[in-house]
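Working notes, beginning with the structure itself.
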Amino acid sequence: MLLPKVSPIIKPVSAKCNIACDYCYYKHTHDSAAHGRIMSDALLERVVRDVISIAEANETDAEFTWHGGEPTLAGFRFYRNVVDIQQRENAGSNVQISNNIQTNGTLIDEKWATFFKENNFSLGISLDGPQWLHDLHRSYASGMGSFARVMRGIESLKKYGIRFGVLAVITEDTIGHAREVVDFFVQNEIYK
(Lines give C-alpha, C1' and ligand atoms only; values in the text may rest on other atoms or scores of the structure.)
Protein backbone atom coordinates (compact mmCIF):
# COMPACT_ATOMS: atom_id res chain seq x y z
CA MET A 1 0.00 0.00 0.00
CA LEU A 2 1.37 3.40 -0.95
CA LEU A 3 1.38 6.19 1.61
CA PRO A 4 -0.47 9.44 0.78
CA LYS A 5 2.39 11.46 2.29
CA VAL A 6 5.32 10.84 4.62
CA SER A 7 4.94 13.35 7.43
CA PRO A 8 7.02 12.78 10.56
CA ILE A 9 6.92 15.06 13.57
CA ILE A 10 10.51 15.68 14.64
CA LYS A 11 11.65 17.08 18.00
CA PRO A 12 15.09 18.58 17.37
CA VAL A 13 15.51 19.92 20.93
CA SER A 14 13.59 17.32 22.92
CA ALA A 15 11.56 19.17 25.58
CA LYS A 16 13.81 22.26 25.75
CA CYS A 17 11.80 25.49 25.79
CA ASN A 18 12.41 29.15 26.55
CA ILE A 19 9.03 29.68 28.23
CA ALA A 20 7.32 27.81 31.03
CA CYS A 21 3.67 27.32 30.14
CA ASP A 22 1.79 26.10 33.18
CA TYR A 23 -0.14 23.48 31.18
CA CYS A 24 2.86 22.13 29.27
CA TYR A 25 2.97 18.36 29.12
CA TYR A 26 6.78 18.54 29.13
CA LYS A 27 7.11 20.67 32.27
CA HIS A 28 8.08 17.71 34.46
CA THR A 29 10.82 16.63 32.04
CA HIS A 30 12.86 19.83 32.17
CA ASP A 31 15.39 18.30 34.54
CA SER A 32 15.76 15.01 32.71
CA ALA A 33 18.98 14.03 30.96
CA ALA A 34 17.31 14.25 27.53
CA HIS A 35 16.07 17.77 28.10
CA GLY A 36 18.03 20.37 26.23
CA ARG A 37 19.93 18.21 23.79
CA ILE A 38 19.91 19.32 20.20
CA MET A 39 19.66 16.63 17.54
CA SER A 40 23.09 15.77 16.21
CA ASP A 41 24.03 16.46 12.60
CA ALA A 42 24.49 12.73 12.03
CA LEU A 43 21.02 11.89 13.31
CA LEU A 44 19.49 14.78 11.37
CA GLU A 45 21.10 13.54 8.17
CA ARG A 46 19.86 9.99 8.78
CA VAL A 47 16.30 11.12 9.53
CA VAL A 48 16.11 13.33 6.42
CA ARG A 49 17.61 10.64 4.19
CA ASP A 50 15.24 7.95 5.53
CA VAL A 51 12.13 10.14 5.18
CA ILE A 52 12.99 11.07 1.60
CA SER A 53 13.80 7.44 0.80
CA ILE A 54 10.43 6.27 2.14
CA ALA A 55 8.61 9.05 0.26
CA GLU A 56 10.42 8.17 -2.97
CA ALA A 57 9.63 4.46 -2.58
CA ASN A 58 5.96 5.36 -2.09
CA GLU A 59 5.94 7.92 -4.92
CA THR A 60 4.67 10.62 -2.58
CA ASP A 61 5.67 13.83 -0.82
CA ALA A 62 7.67 14.40 2.37
CA GLU A 63 6.38 16.89 4.91
CA PHE A 64 8.72 17.55 7.85
CA THR A 65 7.15 19.04 10.97
CA TRP A 66 9.61 20.44 13.50
CA HIS A 67 8.08 20.42 16.96
CA GLY A 68 9.22 21.12 20.52
CA GLY A 69 9.73 22.05 23.23
CA GLU A 70 10.64 25.13 21.25
CA PRO A 71 12.17 23.97 17.96
CA THR A 72 13.78 27.31 17.07
CA LEU A 73 16.13 26.75 20.02
CA ALA A 74 17.95 24.32 17.72
CA GLY A 75 19.27 27.47 16.10
CA PHE A 76 19.48 29.02 12.70
CA ARG A 77 22.47 26.85 11.66
CA PHE A 78 20.45 23.70 12.39
CA TYR A 79 17.66 24.67 9.98
CA ARG A 80 20.10 25.84 7.30
CA ASN A 81 21.59 22.35 7.62
CA VAL A 82 18.08 20.83 7.33
CA VAL A 83 17.51 22.57 4.01
CA ASP A 84 20.98 21.69 2.70
CA ILE A 85 20.59 18.00 3.59
CA GLN A 86 17.09 17.88 2.09
CA GLN A 87 18.34 19.37 -1.17
CA ARG A 88 21.31 17.03 -1.33
CA GLU A 89 19.35 13.89 -0.45
CA ASN A 90 16.52 14.79 -2.82
CA ALA A 91 18.72 15.50 -5.85
CA GLY A 92 17.38 13.59 -8.83
CA SER A 93 14.15 12.63 -7.06
CA ASN A 94 10.56 13.71 -7.69
CA VAL A 95 9.75 14.00 -3.97
CA GLN A 96 8.17 17.34 -3.06
CA ILE A 97 9.50 18.48 0.32
CA SER A 98 7.83 20.87 2.73
CA ASN A 99 8.80 22.07 6.20
CA ASN A 100 6.55 23.19 9.04
CA ILE A 101 7.54 24.49 12.46
CA GLN A 102 5.25 24.56 15.49
CA THR A 103 6.68 27.39 17.60
CA ASN A 104 5.78 29.68 20.46
CA GLY A 105 6.93 32.50 18.15
CA THR A 106 8.96 34.39 20.76
CA LEU A 107 12.28 34.06 18.94
CA ILE A 108 11.07 34.94 15.45
CA ASP A 109 12.76 38.06 14.13
CA GLU A 110 13.76 39.47 10.73
CA LYS A 111 16.52 36.87 10.27
CA TRP A 112 14.19 33.94 10.97
CA ALA A 113 11.42 35.44 8.83
CA THR A 114 13.80 35.92 5.91
CA PHE A 115 14.98 32.32 6.21
CA PHE A 116 11.42 30.96 6.42
CA LYS A 117 10.39 32.97 3.36
CA GLU A 118 13.42 31.98 1.28
CA ASN A 119 12.93 28.30 2.13
CA ASN A 120 9.11 28.17 1.99
CA PHE A 121 8.55 27.09 5.60
CA SER A 122 5.06 27.29 7.04
CA LEU A 123 4.51 27.88 10.72
CA GLY A 124 2.11 27.16 13.51
CA ILE A 125 2.25 29.80 16.24
CA SER A 126 1.10 29.06 19.78
CA LEU A 127 -1.15 31.98 20.75
CA ASP A 128 -4.08 31.55 23.11
CA GLY A 129 -5.85 34.83 22.33
CA PRO A 130 -5.73 38.32 23.80
CA GLN A 131 -2.86 39.25 26.09
CA TRP A 132 -4.64 38.69 29.40
CA LEU A 133 -5.60 35.14 28.37
CA HIS A 134 -2.35 34.22 26.62
CA ASP A 135 -0.09 35.47 29.44
CA LEU A 136 -2.20 33.70 32.05
CA HIS A 137 -0.65 30.38 31.00
CA ARG A 138 2.20 31.14 28.55
CA SER A 139 4.81 32.95 30.61
CA TYR A 140 8.55 32.79 31.15
CA ALA A 141 9.95 31.16 34.29
CA SER A 142 10.27 34.69 35.72
CA GLY A 143 6.49 35.10 35.46
CA MET A 144 6.68 37.64 32.63
CA GLY A 145 4.14 36.93 29.91
CA SER A 146 5.23 35.99 26.39
CA PHE A 147 2.42 37.75 24.47
CA ALA A 148 4.40 40.83 23.35
CA ARG A 149 7.23 38.72 21.91
CA VAL A 150 4.81 36.37 20.16
CA MET A 151 3.02 39.30 18.53
CA ARG A 152 6.37 40.77 17.44
CA GLY A 153 7.17 37.43 15.81
CA ILE A 154 3.79 37.37 14.09
CA GLU A 155 4.38 40.87 12.71
CA SER A 156 7.68 39.68 11.21
CA LEU A 157 5.89 36.77 9.54
CA LYS A 158 3.20 39.07 8.16
CA LYS A 159 5.79 41.52 6.85
CA TYR A 160 7.40 38.75 4.78
CA GLY A 161 4.10 37.18 3.69
CA ILE A 162 4.80 33.88 5.44
CA ARG A 163 1.99 31.38 5.84
CA PHE A 164 1.15 30.62 9.45
CA GLY A 165 -1.65 29.25 11.51
CA VAL A 166 -2.40 29.54 15.19
CA LEU A 167 -2.63 26.84 17.81
CA ALA A 168 -4.71 28.15 20.72
CA VAL A 169 -5.07 26.06 23.83
CA ILE A 170 -8.61 26.21 25.19
CA THR A 171 -8.69 26.18 28.98
CA GLU A 172 -11.35 26.76 31.61
CA ASP A 173 -10.27 30.40 31.50
CA THR A 174 -11.34 30.60 27.84
CA ILE A 175 -14.89 29.47 28.60
CA GLY A 176 -17.25 32.42 28.39
CA HIS A 177 -14.77 34.45 26.32
CA ALA A 178 -15.12 32.77 22.92
CA ARG A 179 -16.36 35.94 21.20
CA GLU A 180 -13.47 37.96 22.69
CA VAL A 181 -10.94 35.39 21.47
CA VAL A 182 -12.41 35.26 17.96
CA ASP A 183 -12.62 39.07 17.81
CA PHE A 184 -8.96 39.29 18.87
CA PHE A 185 -7.84 37.03 16.04
CA VAL A 186 -9.99 38.89 13.48
CA GLN A 187 -8.89 42.35 14.65
CA ASN A 188 -5.25 41.27 14.37
CA GLU A 189 -5.81 39.60 10.98
CA ILE A 190 -4.79 36.22 12.32
CA TYR A 191 -7.26 34.09 10.42
CA LYS A 192 -5.87 33.38 6.96
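Overview of results
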quantity	calculated
Residues of segment 49-76 classified as under 16 Å from the mean Cα position of the chain (by Cα), among the charged types (D, E, K, R) and open to solvent by 10 Å² or more (accessible area, probe 1.4 Å), total	1
Cβ pairs under 8 Å, 6+ apart, first in segment 1-20 and outside any strand (DSSP E or B), second open to solvent by less than 60 Å² (accessible area, probe 1.4 Å) and among the acidic types (Asp, Glu)	SER7/GLU63; VAL13/GLU70; LYS16/GLU70; CYS17/GLU70; ASN18/GLU70; ILE19/GLU70
Complete set of residues in segment 52-67 that are of a type outside the set (Asp, Glu), more than 25 Å from SER14 (Cα to Cα) and assigned to a helix (DSSP H, G or I)	ALA57
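The values are calculated or read from the model by the stated rules, or taken from the named source; none is laboratory data. As the structure is a computational prediction, the values presented were derived from the model and not from experiment. A quick note on method: Cβ atoms are made from the backbone with ideal geometry, for glycine too, and the neighbour counts reach across all protein chains shown. The accessibility values were calculated without ligands, DNA or RNA, using every heavy atom of the protein model including side chains. Shrake-Rupley method; radii C 1.70, N 1.55, O 1.52, S 1.80 Å.
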